[in-house]
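Visitor: Submitted below is the structure of interest, expressed as structure tokens.
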Amino acid sequence: MARAAKSWKQIQGKRNKRKQPERSPLKDNPLNNPGESLAQNIENYFYDQVLVWCLSAAFVLIYIVLEWYYYLTNTPRQPLLLSIMSIPFIGYCSWRVWRGRRQVKRMRLGLDGEKAVGQYLERLRTDGYQVFHDIAGQSFNLDHVIIGPGGIFTIETKTYSKPKRGNPRINFDGQTLTIGSYPPDRDPVTQAKAQAHWLKELLKESTGQTYNAKPVIVFPGWFVEPLSAQQQEKLWILNPKALPAFLKHTPVQLSSEQIHLAAYHLSRHCRTS
């Protein structure tokens with residue numbers, strides 16, 4: 001999914017060799033989705049009560065097979081050789097575990113960001129907007145789409161951790177987007193524009209009508225420097241809390257019939273993809 005949860009250290013890369021403490025940009029944890037507690041319990045139960053015992057049984061089985069091999073072939077034990085051969089493997093496993101833990105941490109941060117933004121967008125239903133989440137595209141996904149009086153908006157969520165000190169900001173000069181003082185490793189502006197174009201083509205093909213889709217990039221927990229009026233015509237880059245105000249000042253673009261038609265065809269795509 002077009003989902004990027006990058007750490008502050010990863011953004012800085014080699015430019016900053018000094019490790020900085022990090023904090024999540026989200027002040028509060030997102031609300032639970034339906035059945036989320038049960039899903040978490042299932043996952044915990046699998047890892048704690050199933051997987052650990054499978055690995056234990058596999059270890060004992062391997063040990064028994066080796067013991068029978070030594071017994072039947074009268075092979076002398078060679079613990080030193082086995083230990084030397086195991087060191088690279090154990091080192092590699094340790095590195096994979098360390099890297100996996102970091103990746104899971106970034107993925108969880110991205111998940112929390114998408115959930116928080118998604119739950120915030122649900123409030124827009126009272127303003128006449130249809131809200132969709134996690135829409136599958138061609139080898140990518142749209143985090144959120146809202147369809148309402150102000151038009152159609154594709155919303156890409158970017159959740160980056162922040163340094164514990166200072167007040168870094170998101171800035172876009174029309175060409176380059178920077179997080180703090182450094183650009184991300186992937187260009188979210190190009191990504192967001194491509195997603196909006198894809199949705200526009202999808203609705204044109206399914207409805208026979210031409211809908212404009214505006215790309216929006218939101219950064220939960222970050223202060224985003226305001227864009228110029230000319231830049232805002234092409235896309236919005238903002239904190240998700242500012243989105244209702246932007247929508248409120250957007251002229252009416254779609255009628256009720258157009259909203260329902262676009263929402264119906266997008267929902268059909270979501271159910272069949």
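Visitor: Contact list please: Cβ distance under 7 Å, first residue in segment 212-224 and under 17 Å from Leu247 (Cβ atoms), second residue of a type in the set (S, T, N, Q), pairs at least six apart or on different chains.
Guide: Ala213/Thr154; Pro215/Thr154; Pro215/Gln195; Val216/Thr154; Val218/Thr157; Val218/Asn239; Val224/Asn239
Visitor: Would it be correct to say that Leu254 is touching a residue at least 24 places away in the same chain (Cβ under 8 Å), touching a Gly at 6+ places or on another chain (Cβ under 9 Å) and closer than 22 Å to Arg123 by Cα?
Guide: Details: touching a residue at least 24 places away in the same chain (Cβ under 8 Å): yes; touching a Gly at 6+ places or on another chain (Cβ under 9 Å): yes; closer than 22 Å to Arg123 by Cα: yes.
Yes.
Visitor: Just checking, how many residues over segment 164-214 are within 21 Å of His144 (Cβ to Cβ) and either within 23 Å of the chain's Cα centre (by Cα) or buried (at least 17 other Cβ atoms within 10 Å of the Cβ) (or both)?
Guide: Looking only at that region, the number is 25.
Visitor: Would you confirm whether any residue within segment 156-163 is surrounded by 15 or more Cβ atoms within 10 Å (Cβ to Cβ), within 22 Å of Asn212 (Cα to Cα), under 13 Å from the mean Cα position of the chain (by Cα) and hydroxyl-bearing (Ser, Thr, Tyr)?
Guide: Yes: segment 156-163 contains one or more residues that are surrounded by 15 or more Cβ atoms within 10 Å (Cβ to Cβ), within 22 Å of Asn212 (Cα to Cα), under 13 Å from the mean Cα position of the chain (by Cα) and hydroxyl-bearing (Ser, Thr, Tyr).
Visitor: Take the conditions surrounded by 15 or more Cβ atoms within 10 Å (Cβ to Cβ), free of Cβ contacts under 8 Å to residues at least 24 places away in the same chain, farther than 21 Å from Ala136 by Cα and not aromatic (Phe, Trp, Tyr) and apply them to Leu247. Does it pass?
Guide: Here the answer is no, as Leu247 does not meet what is asked.
Visitor: Is there a residue in segment 113-129 that is more than 24 Å from Cys270 (Cβ to Cβ), surrounded by 10 or more Cβ atoms within 10 Å (Cβ to Cβ) and not assigned by TED's automatic domain parsing to the domain that holds Ser267?
Guide: No, the conditions are met nowhere in segment 113-129.
The values are calculated or read from the model by the stated rules, or taken from the named source; none is laboratory data. It should be emphasised that the depicted structure is a prediction, and the values quoted were computed from it without experimental measurement. Here the Cβ is made from the backbone with ideal geometry for all residues, glycine too, and neighbour counts use every protein chain on show.
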